[in-house]
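Below is one structure, written out as structure tokens; the observations come after it.
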Amino acid sequence: MMDVTLLARIQFALTIAFHYIFPPLSIGLGVLLVIMEGLYLKTGNPLYHRMTRFWVSVFALIFGIGVATGLVMEFQFGTNWATYSRYVGDIFGSALAAEGLFAFFLESGFLAILVFGWNKVGKGLHFFSTLMVALGSMFSAVWIVVANSWMQTPAGFHIVSNHGVARAEVTDFWAMVLNPSSLDRLSHVLSGAWLAGATLVLSVSAYYYLKNRHLDFAKAGVKIALGFLAVACCTQLLSGHSSAMLVAKYQPAKLAALEGHFHTGPADLYLMGVVDEPGKRVLGLKIPGGLGLLLSANPQQVVPGLDRFPPEEQPPVQVPFQAYHLMIAIGMGLIGLATLGLFFWWRGTLFEQRWLLWAMVLSVLGPQVANQAGWIAAEVGRQPWIVYGLLKTKDAVSRAVGAEQVLGSIVLFSGIYLLLFVLFLYLLTQKIRKGPQDEAASKIHPPEAAGAFNPAMKNRPLLTGLNTATERTD
Amino acid sequence: MLEWLMSHVDLNLLWFALVGILFTGYAILDGFDLGVGSLHLLTKTDEHRRLMLNTIGPVWDGNEVWLVTGGGALFAAFPDVYATVFSGFYMPFMLLLAALIFRAVAIEFRSKEPYGWWRHGWDISFSVSSVGAALLIGITLGNIALGVPLNALGEYAGGFWNLLNPYALLVGLTTVALFAMHGSIYVVLKTEGPLQRQAKGWMVHTIAWFIMGYILTTMATLLYVPNLTEHFREHPQFLPVVLLNLLAIANIPREVYNGQEMRAFFSSCASIVLLMLLFGIGMFPNMVYSLPNPQHSLTMYNAASSQQTLATMAIIAAIAVPLVLSYTAIVYWVFRGKVKLDSTSY
């Protein structure tokens with residue numbers, strides 16, 4: 001019989017990793033939609049209108065899968081982690097309920113107008129809906145990151161006995177919400193999401209340019225996405241640094257794991273390496289004293305190592321170390337890409353650098369991998385705690401659930417998610433292959449088009465109906 | 001503000017009611033979505049199937065948020081209920097999730113490719129998952145009404161097969177019929193021409209099925225679920241709710257007969273509200289009734305979050321709910337009237 005805790009962790013890792021492909025894309029793309037539609041309203045240039053419509057249809061696809069997989073996350077706290085739910089319900093629950101009330105309703109309500117409302121509402125209300133969807137998707141990150149940050153740096157609570165079982169209760173709502181790591185981690189997560197959205201648009205636009213298709217659409221797309229990428233890179237660098245400072249202050253065991261720092265004393269900064277956990281050392285390329293230098297501008301700074309913590313409170317080292325360094329390497333790569341892109345744009349030769357455009361095409365994978373790696377570093381680095389210093393992961397699982405049930409649902413969700421992922425990639429590729437529609441099909445108020453469409457559909461036999469249906473722009 | 005709320009308001013009762021309202025909102029709104037889904041395969045042409053999908057196209061997603069928020073509110077206000085029910089009903093909830101995922105994806109993907117096999121596959125997936133979701137929701141409600149075995153810590157102590165008892169299955173089937181009826185009236189309101197004529201036929205049949213299920217469930221409840229009917233015996237002042245519920249249900253076929261579908265739809269909504277109210281009164285103050293050891297039951301008092309959290313959330317809800325209602329109203333207003341297929345439709 002396998003261990004329920006391990007199975008529940010595998011299931012959580014699997015479902016959150018798959019889910020987390022989609023929300024960052026919708027958060028990032030949401031901002032870009034606001035920019036594109038804003039440009040359309042300001043300039044009246046139909047190019048931006050075409051662009052908005054194309055990316056709205058991609059957004060709808062991403063959002064649909066994000067919602068479907070997000071529902072699983074909300075259920076899972078209760079199904080697999082019932083003891084944890086009882087322990088943190090008083091704290092975590094209010095953040096989750098607020099997320100539902102403030103974010104999800106805003107997002108899903110206005111998404112309807114964003115996607116289906118082109119012919120039903122005026123330009124102003126449509127733009128307002130785009131704005132609300134973008135805001136809603138960012139709000140949803142706020143609440144979930146606040147809850148997760150509370151698990152990293154708990155604050156504003158006390159432990160009480162509830163009918164003989166210990167649990168955390170809020171004493172100060174704002175201290176709980178604005179716990180020490182909330183704001184830095186939120187800006188780090190949002191920046192990661194912006195990077196994901198920016199590189200998606202950058203990648204597809206650069207690809208069109210290289211393939212000599214939709215050239216005006218491609219050039220404008222590259223420029224908008226590149227500008228946004230550069231902004232997101234800056235906020236990412238700043239928030240990343242301050243997040244690391246926070247980890248050093250509040251979660252020293254995690255910092256030691258992230259940097260493979262086993263022995264208390266001056267600390268090196270590894271650019272890459274392999275952790276030799278039994279031998280308590282790291283083999284790799286390092287800047288001696290680099291960690292001390294980053295934390296307090298002093299290479300001789302004494303940084304607590306893993307030896308400060310009893311073995312049962314030490315996180316694993318290899319996984320957080322590799323995930324953390326992978327994330328940083330990708331972040332640096334994206335900063336390099338944005339810098340080169342801006343440089344050639346300034347020189348006016350951006351679209352002559354085919355190698356750089358190919359790098360942009362591939363860049364879409366960067367934030368995806370880095371976002372996943374960042375979460376792995378943050379969550380595995382917190383082990384063995386589920387709530388840092390308060391509740392251990394092994395004490396948090398559901399007592400009423402057996403290993404075979406968890407295994408069964410892992411098999412169920414693996415199958416479903418694999419299918420979803422293949423379909424998602426297929427439909428996204430189809431959308432990209434089909435490309436943005438020309439103006440005739442995408443006017444805001446196409447009376448002749450709408451009029452011609454419906455009678456044509458009426459009472460047609462199945463096959464003709466199908467042919468007509470393929471003409472839909474979405 | 002917090003202090004005032006904590007000393008003047010029974011916050012546990014308030015949240016018992018609010019969680020009930022959220023799940024009732026879900027049942028009314030996603031109820032017709034699930035109903036449309038379960039009737040979907042009865043249409044034969046691609047155009048009609050697209051029309052069916054697009055009757056709920058812009059709103060199904062927002063309707064499902066009521067479930068997400070209801071679940072979140074349950075977690076926040078009554079963490080022990082959330083933990084016990086979600087871990088105890090493990091397999092049914094996993095299947096419910098699978099059904100909801102398939103349904104969402106089927107709606108999203110179906111019309112994106114023209115191939116017959118593609119569309120037919122998603123049509124089946126949409127219908128089966130809609131029926132499955134309604135059935136599982138009903139089975140869950142049935143079990144909560146009947147009572148489930150809990151241990152002294154308030155954890156679920158039964159097995160998977162306990163959940164598939166005849167009473168729960170009856171409530172499950174009645175829920176499927178209720179949503180199918182609700183959905184068929186909705187389709188009549190949103191369509192015209194041949195599809196509307198077909199939907200009127202469904203309406204008559206599903207009303208008959210639902211009323212049959214309702215009668216059987218009521219009889220079974222009176223005979224076998226004393227804990228749910230006890231309140232009405234002890235407090236006859238609640239009997240008018242029973243009567244109102246009866247009238248609301250009886251009014252549905254009456255309005256249909258008179259050709260007043262809009263009124264029939266509101267009657268159907270009212271029936272759902274009143275059924276949930278009956279359920280809430282019957283359960284009060286229990287949220288999970290423990291059978292055979294009633295002293296282990298989770299109530300709105302012993303399973304709740306702290307008073308401070310309940311009060312904080314009451315303030316959050318007071319700010320958020322009017323906003324939510326206003327944009328729900330905007331969306332339904334924008335997409336009012338008969339559904340038409342255009343370039344943005346599914």
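Any read-out appearing in this document is the output of simple, stated calculations on the displayed coordinates, not a laboratory observation. Because the structure is a prediction, the values reported are computed rather than measured. With ideal geometry, Cβ positions are generated from the backbone for all residues, glycine too; neighbour counts draw on all protein chains shown.
Dividing the convex hull volume of the alpha-carbon atoms in the range B:150-290 by its residue count gives 123 Å³ per residue.
From the Kirkwood radius over Cα pairs of the range A:247-313, Stokes-Einstein at 20 °C and 1.002 mPa s returns a whole-number translational diffusion coefficient of 181 µm²/s. Our compactness index for the range A:122-224, the C-alpha radius of gyration over the empirical 2.2 N^0.38 Å, is 1.65. Peptides B:159-171, A:240-252 ranked from most to least packed give A:240-252, B:159-171, packing being the mean of other C-beta atoms within 10 angstrom over each peptide's residues. May I ask you to derive the FRET efficiency for A:T339 and A:R399 from their Cβ-Cβ distance with R0 = 45 Å, giving the value to the nearest 0.05? Plugging the Cβ-Cβ distance into 1/(1 + (r/R0)^6) gives 0.25. Per-residue mean of foreign Cβ neighbours for B:90-103 is 6 (Cβ atoms of other chains, 10 Å radius). In this simple spin-label approximation, A:T349 and B:F284 carry label points 7 Å from Cα along the Cα→Cβ vector, and these lie 7.9 nm apart. The stretch between A:E312 and A:R281, if pulled fully straight at 0.36 nm per residue, gains 9.3 nm over its current Cα-Cα span.
Kirkwood hydrodynamic radius computed over the range A:42-132 comes to 15.5 Å, based on all pairs of distinct alpha carbons. Put a dot 7 Å past the Cα of B:H231, heading toward its Cβ, do the same for B:W4, and the two dots end up 3.0 nm apart.
Using the Cα centre as the reference, give the magnitude of the dipole from point charges on the C-beta atoms of the range B:99-211 (Lys, Arg: +1; Asp, Glu: -1; all else neutral), rounded to the nearest 20 debye.
Details: 7 positive and 5 negative charges, 70 e Å.
For this selection, approximately 340 debye.
Each other residue within a Cβ distance under 15 Å of B:L189 adds +1 if Lys or Arg and -1 if Asp or Glu, for a net charge of +3. For the range B:102-222, evaluate the Debye formula with one uniform point scatterer on each Cα (no solvent term) and list log10 I(q)/I(0) at q = 0.13 Å⁻¹, rounded to two decimals. Scattering profile of the range B:102-222, log10 relative to I(0): -0.68. Going from the fewest other Cβ atoms within 10 Å to the most, the residues B:K340, B:K190 appear in the order B:K340, B:K190.
The equivalent ellipsoid that matches the C-alpha gyration tensor of the range A:271-411 spans semi-axes of 37, 25, 12 angstrom, in descending order.
The eigenvalues of the Cα gyration tensor, multiplied by 5 and square-rooted, give the range B:153-215 an equivalent ellipsoid with semi-axes of 35, 12, 8 Å from largest to smallest. Peptide B:110-116 shows a mean partner chain C-beta count of 5 within 10 Å per residue C-beta. Of the beta bridges in the protein assembly as shown, as assigned by DSSP with both residues counted there, near 95 percent are antiparallel. For the range A:74-122, the extents of the C-alpha atoms along the principal axes are 49, 18, 6 Å, listed from largest to smallest. In this entry, the range A:174-332 is assigned a mean projected area of 11.9 nm², taken as a quarter of its C-alpha convex hull surface. Note on the protein assembly as shown: Cα-only Rg and Dmax are 27.6, 88 Å.
Rg/Rh, computed from the Cα trace of the range A:1-71 with Rh as the Kirkwood radius, has the value 1.28. Report, as a whole number in µm² per second, the diffusion coefficient that Stokes-Einstein gives for chain A at 37 °C and 0.692 mPa s using the Kirkwood radius over alpha carbon pairs. It comes out at roughly 135 µm²/s. Taking other C-beta atoms within 10 Å as the exposure proxy, A:F262, A:F77 rank A:F262, A:F77 from fewest upward. Seen from every direction in turn and averaged, the convex hull around the alpha carbons of the range B:42-120 projects onto 6.5 nm².
If only the Cβ of Lys and Arg carry +1 and only the Cβ of Asp and Glu carry -1, the dipole of chain A around its Cα centre is close to 1200 debye. The label-point distance for A:W174 and A:L237, in a model that sets each label 7 Å from Cα toward Cβ, rounds to 3.4 nm. Dividing the Cα radius of gyration of the range A:1-159 by 2.2 N^0.38 Å, with N the residue count, gives 1.23.
For the range B:240-319, take N as its residue count and report Rg(C-alpha) divided by 2.2 N^0.38 Å. Numbers along the way, then the final one.
Values: Rg = 18.3 Å, N = 80, 2.2 N^0.38 = 11.6 Å.
In units of the 2.2 N^0.38 Å rule of thumb, it is 1.57.
Each Cα pair under 8 Å and six or more residues apart adds its sequence gap; the mean of these over the residue count of the range B:209-270 is a relative contact order of 22 percent. Mean partner shielding of peptide A:113-124, defined as the number of other chain Cβ atoms within 10 Å of each residue Cβ, is 4.
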